[in-house]
Amino acid sequence: MSTGTEGMKSLATDGLVGATTAGPALSGGAPNGKGRQGAARSRNVDVFTLWPIAVMVLIIIATSFTSSRFLSVFNFENILSQAAPLGIVTMGQCILLISGGLDLSVGYNISFASIITGLLLEHNAPLGVAVLAGIFAATAVGFVNGVLAAQGRAHPFIITLGMSIFLFGLDTQLTGGAPVNNMKGLYSAFGGYMPGGFPFFGLPSVTWPFLIVVLLTYGFLRWAPLGRRAYAIGGNEAAAYLSGIPVKRTKIYLYTLMGALVGITGMVLSGQINEASFNLAQNFELQSIACAVIGGTALFGGRGGAFRSLQGVALWGLVQNSILFIGFSSNYQQMSLGVIIILAVMVTRVQR
Amino acid sequence: MSDNGTGAPPVLLYAEHVSKHFPGVQALRDVDFTLERGEVHALVGQNGAGKSTLVKCISGVHPPDGGRILLDGREITTYTPKHAFDLGIAVVHQRPQLLPWLSVTENVMLGKLPARKGLMIDRRKADELTRDLLARFRLDIDPEVPVAYLSAPDRQQVAIAKALYRNAKLLILDEPTAALDAQRSAQLFALVEDLAQQGVGIIYVSHHLEEVFRLAHRVTVLRDGELVSTQPASELSQDEVVTLMAGHRITGSVVAESAAVSEEAVPALEFSHVETTLLHDVDFGVRQGEVVGVVGLIGAGGHDLAQVLFGLDRPTSGRVALQGRTYQPQGPKQAIAQGIFLVPEDPARDGLVPVLSVAQNVTLVSLKAVTRRGLLSLRREREVAEHYVGELSIATASVNTAVRNLSGGNQQKVLLAKALTSKAEVLVLEEPTQGVDVHAKAEIHRIVRDLASRGKAVMVVSTDIRDLLQFVDRMVALRAGRVVADVPARSTSYAQILDLTVGSVAVASA
């Protein structure tokens with residue numbers, strides 16, 4: 001009981017927000033995963049941050065022994081196209097996590113965007129209008145999340161959870177529970193669930209929005225002042241505020257950006273499977289957080305990056321795929337993914 | 001006081017030759033200290049004198065490296081806070097650590113709640129016991145209320161009640177009146193006297209000498225980790241204690257002549273009759289090229305002045321002027337835009353983003369300056385950071401090193417670099433040399449002088465008089481929110497300023 005306040009404080013922060021403690025860090029404690037920052041940086045890259053790649057290599061070797069079809073261009077495209085929608089959301093989730101926030105409403109917000117687009121298409125709206133309306137709807141939801149989160153009266157966990165439940169109701173109401181089954185032009189663009197269906201420059205077309213979003217996120221986090229502000233707020237909100245950073249406005253921008261990425265995901269996903277429904281993207285909220293965290297993004301802000309989160313998405317997709325190739329049931333997918341996410345966080349902790 | 005009627009030997013605590021070394025500093029050297037039953041023994045000394053280290057040794061937080069501590073004639077062998085508490089040694093901090101969402105009763109009785117058949121907590125009995133305990137010491141608190149809803153003084157009382165419930169025989173009060181107004185202070189003094197009457201030994205740590213002289217039977221003065229004297233309070237005067245605290249060293253000011261300061265110039269920063277809940281009629285200015293030290297005890301108002309300047313608190317009346325124009329910032333962003341930068345007290349908590357690199361921290365206030373066509377120029381950022389790392393000689397492997405890997409002194413310099421990139425004309429530094437080593441202190445002094453010679457107006461808020469005297473032009477002393485002195489640093493002394501700042505208004509008006 002007579003521990004100094006500082007002692008208690010550091011104990012508390014060390015347990016929860018390891019990123020903000022001033023404890024001794026291992027080499028290269030600088031925000032990794034933002035790629036190389038000149039020659040000096042690359043030498044500092046923490047080998048630990050590359051562990052998903054190592055695990056993936058092991059999985060690929062192991063699985064290729066059990067099935068000859070596993071190591072094929074076809075399967076590679078298959079993995080990519082399945083991972084693409086989740087990958088886009090993961091980039092947004094990664095940005096929010098870095099800023100110390102998160103968005104639990106992405107699943108039903110993806111559905112919301114697709115339903116708006118799907119219903120408009122059903123009423124013969126032009127494709128461009130329908131797509132823009134869908135993306136706009138999701139962006140608006142993100143904006144509302146941002147405005148509420150910026151007030152700081154409730155944790156974003158609660159705000160976006162509430163938003164998620166609200167959207168579930170709204171989605172069901174809009175569709176009457178029945179899916180819209182014809183995404184018309186969107187299906188022409190992204191459909192062909194199986195690879196080879198609608199290739200575009202050699203890759204399934206859904207992978208292109210995914211790869212573009214990854215590159216943009218990388219650039220955003222590295223070069224955009226807004227991205228830098230996200231790191232600052234997530235790393236130490238008080239310091240960011242005292243440095244003159246408009247904390248509230250920044251949060252609103254970041255959640256709105258997340259909304260836009262969710263909208264894009266809604267277009268890709270509903271086009272891919274030619275359906276808009278309330279359960280289009282079930283569990284995407286938790287899966288996207290899981291992917292970002294597996295990639296080493298700190299759950300409580302300040303650290304992380306696009307390529308790191310990409311590793312998480314890739315590992316996630318690869319595990320799902322290889323389990324099926326090995327011949328286990330999909331239940332084992334879930335089990336192994338559960339193990340991976342726990343290990344991922346523990347590895348990141350050890351690394352500090 | 002030696003005869004308390006219990007028949008037990010009078011000496012409660014006996015500490016001899018206690019030493020404690022921390023990396024880079026001998027916090028305590030060969031200190032003897034005794035406390036009798038029913039005695040109020042005051043522990044005084046400047047910041048860093050070793051008061052809190054001694055308290056921490058006695059209360060089991062730090063085991064001493066040398067010497068031994070006996071309680072009731074038995075040597076303490078295990079040094080943990082829990083063990084000390086079990087022995088009956090309780091510390092009441094300025095901000096007691098309580099469980100906010102548990103009731104007063106639950107906090108007081110934590111771990112020893114009365115239970116029915118050893119299973120169910122007997123809530124009614126617990127509340128009754130607590131009510132009795134509180135009433136016995138005239139503590140007026142509802143035992144069923146969660147601690148979170150209590151005011152700071154009430155929480156302190158809960159912490160005291162908690163100690164009493166466990167039959168603490170040694171109570172350590174650490175700056176107990178810091179959060180109390182005059183009336184609550186008077187209540188506390190009555191309680192302390194009551195407890196002493198009942199045989200509890202009390203170590204009273206305080207900067208407020210008037211309180212010390214009102215309550216203490218004996219006064220122990222520490223300086224630089226060493227025991228200076230232990231004497232009955234009745235044989236001492238306040239002046240003598242101030243002299244003992246200050247030591248024999250004459251702290252000459254090493255201030256360079258600041259030729260740039262012109263008497264006629266409009267002050268870069270000016271307070272006119274500023275009032276807030278904590279400040280009263282504050283009136284002074286800081287000129288271009290001048291370093292002004294604002295000194296006072298914690299809670300005297302220095303921190304609040306800084307808050308006002310950064311738009312984190314608003315004056316209820318009076319006026320703040322920046323370069324002659326009325327200045328009312330809405331927050332840090334506006335303050336920075338208008339040319340004021342605040343270097344906050346605790347760099348790790350409020351000033352820096354520990355996980356980001358030196359470069360990223362340095363440019364955080366001035367992202368615009370390193371932005372080209374809407375995007376950050378990492379090359380430009382590195383150049384800016386390297387420039388300041390060189391100029392302020394920040395010891396870091398590279399500008400890409402995470403700030404949390406830097407030492408305290410170097411973190412402080414990164415903060416100063418941020419201040420420089422902000423292009424502010426008025427800099428407000430809070431405790432810039434707190435917790436940094438002697439070498440880094442000297443460097444920070446030099447940097448601050450250098451800033452002034454480049455025409456910046458610098459206001460340094462600190463509780464460390466001796467440190468301020470080494471590099472400021474003027475000293476503004478605050479006591480209980482009022483300016484009690486505004487004098488050139490050259491024509492004042494450590495003892496004079498100390499004397500002005502340590503009087504307790506709480507006692508005076510009680």
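Quick notes on this one:
- Mean separation of Cα contacts under 8 Å, 6 or more apart, over the residue count of chain B: relative contact order %: 16 percent
- Isotropically averaged projected area of chain B, using the convex hull of Cα atoms (one quarter of hull area), nm²: 27.0 nm²
- Lys/Arg +1, Asp/Glu -1 at C-beta; the protein assembly as shown dipole; positive extreme among B:Ser52, A:Leu132, A:Gly295: A:Leu132
- Euclidean distance of C-alpha centroids, region B:89-109 and region B:161-215, integer Å: 16 Å
- Among A:Cys94, B:Cys57, the order by Cβ neighbours within 10 angstrom, fewest to most, reads B:Cys57, A:Cys94.
- Estimated FRET transfer efficiency (B:Gln183, B:Glu235; beta-carbon r; R0 25 Å; 0.05): 0.20
- Legend: mean number of C-beta atoms from other chains within 10 angstrom of residue C-beta atoms, peptide B:72-84, equals 1.
- Rg/Rh for region A:125-176 (Cα atoms only, Rh after Kirkwood) is 1.08.
- HN-Hα J in Hz across region B:152-162 - Karplus 6.51, -1.76, 1.60, θ = phi - 60°, x for Gly and Pro: 4, x, 5, 4, 4, 5, 4, 4, 5, 4, 4
- Residue order, fewest to most surrounding Cβ atoms within 10 angstrom, among B:His208, B:His280, B:His62: B:His280, B:His62, B:His208
- Isotropically averaged projected area of region B:11-246, using the convex hull of Cα atoms (one quarter of hull area), nm²: 13.2 nm²
- Spacing of the two label points (7 Å from each Cα toward its C-beta) at B:Asp65 and B:Thr277, in nm: 4.3 nm
- Relative to the current alpha-carbon distance between B:Arg373 and B:His17, full extension at 0.36 nm per residue lengthens the span by 121.5 nm.
- B:Lys125 paired with A:Asn124, simple spin-label distance in nm, labels 7 Å along Cα-to-beta-carbon: 8.2 nm
- Region B:388-510, relative contact order in percent, only Cα pairs under 8 angstrom and at least six apart counted: 17 percent
- Over region A:201-307, the Kirkwood radius and the radius of gyration, each from Cα atoms, give a ratio Rg/Rh of 1.02.
- Taking each DSSP H run with n ≥ 4 as -39500 (n - 2.57) and averaging over every residue of the protein assembly as shown yields -15000 deg cm²/dmol at 222 nm.
- Charge-dipole axis of region A:220-352 as Lys and Arg at +1 and Asp and Glu at -1 on Cβ define it, positive-most pick from A:Ser330, A:Gln311, A:Gly234: A:Gly234
- For region B:346-423, size of Cβ-based charge dipole, Lys and Arg +1, Asp and Glu -1, in debye: 320 debye
- Taking the Cα centre of chain B as reference, the dipole from Cβ charges on Lys and Arg (+1) and Asp and Glu (-1) amounts to some 1800 debye.
- Among B:Gln411, B:Gln360, B:Ala348 - extreme Cα towards positive end, dipole of region B:346-423, charges at beta-carbon: B:Gln360
- Stretchable slack from A:Val57 to A:Phe136, in nm (0.36 nm times residue separation minus alpha-carbon distance): 24.5 nm
- Taking every alpha-carbon pair under 8 Å whose residues sit at least 6 apart, region B:11-246 reaches a relative contact order of 29 percent.
- Among the residues of B:404-413, the average count of other protein chain beta-carbon atoms within 10 Å of the residue beta-carbon is 2.
- Amide H within-cut-off set for B:Leu376, under 5 Å, with H built and near neighbours excluded: A:Ala224
- Sparse-neighbour loop sites [trypsin sites (Lys or Arg not before Pro); region B:308-380; at most 15 other C-beta within 10 Å; DSSP]: B:Arg373
- Highest to lowest packing among A:161-172, A:136-147, A:298-309, scored as the average C-beta count within 10 Å: A:298-309, A:136-147, A:161-172
- Charge dipole of the protein assembly as shown (Cα centre as origin; +1 on each Lys and Arg Cβ, -1 on each Asp and Glu Cβ, all else neutral): 2760 debye, rounded to the nearest 20.
- Taking the fewest neighbouring Cβ atoms within 10 Å as the starting point, the ordered list for A:Trp316, A:Trp208, B:Trp101, A:Trp51 is B:Trp101, A:Trp208, A:Trp51, A:Trp316.
- Range in chain B, longest, excluding exposed GluC sites (Glu not before Pro) [loop by DSSP; at most 14 other beta-carbon atoms within 10 Å]: B:265-510
- Kirkwood radius, region B:346-423, all distinct C-alpha pairs, inverse of mean reciprocal distance: 12.1 Å.
- The mean number of Cβ atoms from other chains found within 10 Å of a Cβ in peptide A:221-231 is 4, as a whole number.
- One compactness figure for region A:47-351 is 0.98, namely its Cα radius of gyration divided by 2.2 N^0.38 Å.
- The orientation-averaged shadow of the Cα convex hull for region B:345-486, equal to a quarter of the hull surface, comes to 9.2 nm².
- Between B:Ile121 and B:Arg116, the built amide H atoms are under 5 Å apart, and every one of these is 5 or more places off in sequence or on another chain.
Only the coordinates and a few stated rules stand behind these numbers; no lab work does. What you are looking at is a predicted structure, and each value in this text was computed from that prediction instead of being measured. Here the Cβ is made from the backbone with ideal geometry for all residues, glycine too, and neighbour counts use every protein chain on show.
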